[in-house]
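Input: a single structure, listed below in structure tokens.
The values are calculated or read from the model by the stated rules, or taken from the named source; none is laboratory data. This structure is a prediction, so every number in the text was calculated from the model and none was measured. Note that each Cβ is placed from the backbone with ideal geometry, even for glycine, and that neighbours are counted across all protein chains shown. Keep in mind that these areas ignore ligands, DNA and RNA; they rest on the heavy atoms of the full protein, side chains included. Shrake-Rupley method; radii C 1.70, N 1.55, O 1.52, S 1.80 Å.
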Amino acid sequence: MSKAPVRVAVTGAAGNIGYALLFRIAKGDLLGPDQPVILHLVDLPQAIQACQGVIMELEDCAFPLLAGAKASADGAEGFGDVDYAILVGAKPRGPGMERADLLKDNGKIFTGQGSAIDANAREDVRVLVVGNPCNTNALIASSRAKRTNPANYTAMTRLDQNRAMAQLAARSGKPVSTVKNLAVWGNHSPTMFPNWFDATIDGRPVAEVIGDDAWLNGDFLKTVQQRGKAIIDARGLSSAASAAGAAIDHVHSWATGAMTGDFVSMAVPSDGSYGIPTGLIFSFPCRITAPGKYEIVQGLEINDVARAALQKTTDELLGERDLVASMLA
Ligand code: NAD
Ligand code: LMR
């Protein structure tokens, strides 16, 4: 007997990431090859016609797992009964901007959407915020979680993890699948810390395989921290297909338990682990312990280099939290 369909809302559905994301969800990449899905395409009123066009294209793909799709600009309808909400809809930055420059315009989107999700989604809804600055936008949305579970409000740093793994694979000449336990800590911003101290390549410590600490502490960190900017400079647009791919990876791991036993980078509400202030949406190495359940990996050694980096990214997130204090419920 086939499974009951799962409802997935995607905001910013008419945008660049939305276009790269929806077809992969409908194909089964998000929730698995035997899980039917109903898509809720959420966007601004002026983008609903474009969403209808995307729905026509989704239909024309004849995806066996697509059990329905609708477009809405209304929070109650858009998030009604959804099991997953992937919040992409927000302005992207342009050349010369930092992601935090978007806070004033984008932050307010997440007050209304946080309330609409809490009022209308399923109680166990799982939320991924992609729209930047994603950690603090997720904080705004999660502050409205009264009926739903605040721990299920997360932000995306899996793209940064994927970028870091790809850099290590290229430098070592090994397949990316041999890079394990590389987690990105902190904010999705230039202060993020891709912590290579815990990571391995082919089961051996990264430092031993790479044999070049100056590169690891220098160009490697800088490349990962500035990759979003490099893509904007080259494309004139921010990352879209790779961002959609990382959103799929984040939710797929969380929902299905794929990658159990390995680290996955997820920005989640801090429970005070590693001295990070409680409640900040902070990227930690997480482990998926069962489908739908994550835990922050405990007991990792934090050396002086890592401690200084964690302090810097924490301070930045505390500053962002102060800036949006009036938007927190
Ligand atoms: P885009 O401009 O192509 O699309 C944005 C879409 O969001 C548009 O369709 C717009 O109408 C819609 N939108 C705006 N306000 C909305 C609202 N209140 N409700 C619903 N929809 C709304 O942008 P994009 O390239 O798809 O990027 C979207 C966001 O994702 C940006 O903020 C970008 O910076 C961010 N991003 C994050 C990561 C990450 O790793 N966390 C990676 C890439 C991009
Ligand atoms: C990225 O990392 O590619 C996105 O956050 C887009 C950006 O503004 O850098």
Subject >> Residue in the stretch 208-223 that is within 16 Å of ligand 2 (Cβ to nearest atom), open to solvent by 10 Å² or more (accessible area, probe 1.4 Å), out of contact with any His (no Cβ under 9 Å at 6 or more places or on another chain) and without any contact (Cβ under 8 Å) to a residue 40 or more places away in the chain present >> reply: yes
Subject >> Members of the stretch 3-25 that are part of a helix (DSSP H, G or I) and crowded, with 24+ Cβ neighbours inside 10 Å >> reply: Ile17, Gly18, Leu21, Leu22, Ile25
Original post:
Can Tyr19 be described as within 22 Å of His252 (Cβ to Cβ) and within 11 Å of ligand 1 (Cβ to nearest atom)?
Top reply: yes
Original post:
Of all residues in the stretch 182-223, how many are over 22 Å from Gln311 (Cα atoms) and among the basic types (Lys, Arg)?
Top reply: 1
**OP:** From the list Gln167, Gln161, pick out the single residue that is within 16 Å of ligand 2 (Cβ to nearest atom) and either open to solvent by 40 Å² or more (accessible area, probe 1.4 Å) or at positive phi (or both).
**Re:** Gln167
Subject >> Hits in the stretch 149-188 (condition: farther than 11 Å from Val206 by Cβ and assigned to a loop (DSSP other than H, G, I, E, B)) >> reply: Asn149, Met156, Thr157, Gly173, Pro175, Asn187, His188
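Residues in the stretch 170-195 that are free of Cβ contacts under 8 Å to residues at least 40 places away in the same chain, surrounded by 19 or more Cβ atoms within 10 Å (Cβ to Cβ) and within 20 Å of Gln226 (Cα to Cα): how many?
At the first step, the residues of the stretch 170-195 found to be free of Cβ contacts under 8 Å to residues at least 40 places away in the same chain are 170, 172-179, 194.
Still in the running and surrounded by 19 or more Cβ atoms within 10 Å (Cβ to Cβ): 179, 194.
Then drop every residue that is not within 20 Å of Gln226 (Cα to Cα), which leaves 194.
Of the residues in the stretch 170-195, 1 are free of Cβ contacts under 8 Å to residues at least 40 places away in the same chain, surrounded by 19 or more Cβ atoms within 10 Å (Cβ to Cβ) and within 20 Å of Gln226 (Cα to Cα).
Only residues that are part of a helix (DSSP H, G or I) and either within 16 Å of ligand 2 (Cβ to nearest atom) or among the polar types (S, T, N, Q) (or both): list them for the stretch 122-148, please.
Initially, the stretch 122-148 is screened for residues part of a helix (DSSP H, G or I), giving 134-142.
Within the stretch 122-148, Cys134, Asn135, Thr136, Asn137, Ala138, Ser142 meet the criteria.
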Subject >> Search result, residues across the stretch 290-329 that are part of a loop (DSSP other than H, G, I, E, B), under 24 Å from Pro133 (Cα atoms) and open to solvent by 50 Å² or more (accessible area, probe 1.4 Å) >> reply: Leu328, Ala329
